[in-house]
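*Asks:* One structure coming up, written as structure tokens, with questions to follow.
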Amino acid sequence: MTPQNNTLQRVSVRVPATAANLGPGFDAIGIAVDLWNELTVEPGPFKVVIEGDGAEEIPRDEHNLVVAGARAAYEARGAEFPEMRFHCVNGIPFARGLGSSSAAIVSGIVAGFALQGDGADPTEALELAAEIEGHPDNAAPAILGGCQIGVKSGEKWITSRVALPDDLYTVILIPDYVGETAHARSVLRDEVQRADAVFNIGRSALLVNALSTGQLDLLRYATEDRLHQPARADIYKGLNTIIRAALTGGAHGAFLAGAGPAVMAFTTGRENTVAYEMTEAARLHGIEATTRVVRPTERGAHVVAR
Ligand code: HSE
């Protein structure tokens, strides 16, 4: 880290959307995709201005996660948290399982460090973000970009980038209702049967190998899960039908995005057909939804203007 200079400047940062889990990699694997939130912070009386996705639902007070992230960056330096104006332009769908909370926290952290004259140290940013969120699977790809494995050893977070095929796309079905991560976690059992653990361990390994070697025909199996999707299928009616529809449409694999309710499919072609099949399957269950076709991004959070 470079030394602090406490001169406040205007700083803008961009942070990508992320999908955690990718099926079997619960709380441990995530991927960044080409949808972005932009945050601009400048000195001035405290104010939070929000445009774009979720603008009506997101708190504008001290509970705002952007503010929490920036505060954490100042506290990490033992510095006083100054009064600032936050302007968020949100392109990431809010509360759908696409990492909007992580993006908010990470944007605040990166802006907070930049305003103190620091480049954002990715490891420290990840530690702060994971501490606020409790798991690194969105924060790691939000900070570092690409597909990231994140594990904790003692107090330390270890990350590793998974190489992705150049021609990989994602098709994302975004239901018109929001998900509640705390609820989607509360339906999960604390105990896991050994057979289910083995099921997921094998598939997580298969997933990483399939992506990094381009064996895309394996993704259909590698995105299967028994740790969280079965229980979450009870709160997200139609989840299994939508996943099957994506595969029928030509996707290589499909899974619940993070804690949902969005569903993501991996494709290398036939994106419109996959999007159509997923939308029709959702509609069969009375779910109105939009779809986005986006590429993964290898770029994570970054400062765009000072
Ligand atoms: N891994 C997390 C979950 C992501 O599935 O609950 C949501 O924050």
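The values are calculated or read from the model by the stated rules, or taken from the named source; none is laboratory data. Only a predicted model underlies this, so the values are computations on that prediction, with no experimental measurement involved. Positions of Cβ are backbone-derived with ideal geometry, glycine not excepted, and every protein chain shown enters the neighbour counts. When the accessible area is computed, the model is the full protein with side chains, heavy atoms only, and any ligands, DNA or RNA have been set aside. Shrake-Rupley method; radii C 1.70, N 1.55, O 1.52, S 1.80 Å.
*Asks:* Roughly how many percent of the accessible protein surface of the chain is carbon and sulfur, given a 1.4 Å probe and a whole-percent answer?
*Replies:* Exposed carbon and sulfur together represent 49 percent of the surface.
*Asks:* Mind telling me which of VAL294, VAL106, VAL13 comes out most flexible in a GNM of the chain, alpha-carbon contacts under 10 Å?
*Replies:* VAL294
*Asks:* Please grab the % of Cα pairs in the stretch 104-246 that end up more than 20 Å from each other.
*Replies:* So the portion of pairs separated by more than 20 Å is 61 percent.
*Asks:* How large is the helix-only mean residue ellipticity at 222 nm for the chain, computed as the sum of -39500 (n - 2.57) over DSSP H runs with n ≥ 4, divided by its residue count, in deg cm²/dmol to the nearest 500? Before the final figure, lay out each step's value.
*Replies:* On the way: 10 runs with 108 residues, N = 306.
After summing the helix terms and dividing by the residues of the chain, the value is -10500 deg cm²/dmol.
*Asks:* Specify the residue with the greatest mean-square fluctuation among ALA182, ALA129, ALA114, computed from a Gaussian network of the chain linking alpha-carbon atoms under 10 Å apart.
*Replies:* Answer for the Gaussian network model of the chain: ALA182.
*Asks:* Scanning the chain for GluC sites (Glu not before Pro) in DSSP loops with at most 14 other Cβ atoms within 10 Å, what's the longest stretch left with none? All intermediate terms of the calculation are to be shown ahead of the outcome.
*Replies:* On the way: sites that count: GLU56, GLU57, GLU62, GLU80, GLU83, GLU155, GLU180, GLU191, GLU288.
Result for the longest clean stretch: 192-287.
*Asks:* Just the projected area, averaged over all directions, of the convex hull on the alpha carbon atoms of the chain: how many nm²?
*Replies:* Mean projected area for the chain: 15.1 nm², to one decimal.
*Asks:* Estimate the FRET efficiency between GLU191 and GLU51 by the formula 1/(1 + (r/R0)^6), using the beta-carbon distance for r and 41 Å for R0, to the nearest 0.05.
*Replies:* 0.40
*Asks:* While we're looking at this one, here's another question. Would you calculate the convex hull of the Cα atoms in the stretch 169-294 and tell me its volume per residue in Å³? The partial results should precede the final answer.
*Replies:* Details: hull volume 12.1 nm³, N = 126.
Measuring per residue, one finds 96 Å³ for the Cα hull of the stretch 169-294.
*Asks:* Can you work out the FRET efficiency for the pair HIS63 and HIS183, with r the C-beta to C-beta distance and R0 = 22 Å, to the nearest 0.05?
*Replies:* So, using R0 = 22 Å, E works out to roughly 0.75.
*Asks:* Then there's this: Which of MET278, MET264, MET84 moves the most in a Gaussian network model of the chain with Cα springs under 10 Å?
*Replies:* Top of the fluctuation ranking is MET84.
*Asks:* Before I look further, what does the chain give for accessible area per residue, probe 1.4 Å, in whole square angstrom?
*Replies:* With the other protein chains kept in place, the chain gives 43 Å² per residue.
*Asks:* Follow-up question, since we're still on this one. What whole-number distance in Å separates the alpha-carbon centres of the stretch 251-306 and the stretch 171-228?
*Replies:* Between the Cα centre of the stretch 251-306 and that of the stretch 171-228, the gap is 15 Å.
*Asks:* For THR273 and HIS302, calculate 0.36 nm times their separation in residues minus their Cα-Cα distance, and state this gained length in nm to one decimal.
*Replies:* Between THR273 and HIS302, full extension yields 7.1 nm more.
*Asks:* Starting from the Cα-Cα distance between ASP234 and LYS156, subtract it from 0.36 nm times their residue separation and give me the gain in nm to one decimal.
*Replies:* Additional length available on full extension: 24.6 nm.
*Asks:* As an exercise, use a Förster radius of 41 Å and the Cβ-Cβ distance of LEU284 and SER212 to find the FRET efficiency, rounded to the nearest 0.05.
*Replies:* Using R0 = 41 Å, I get an efficiency of 0.70.
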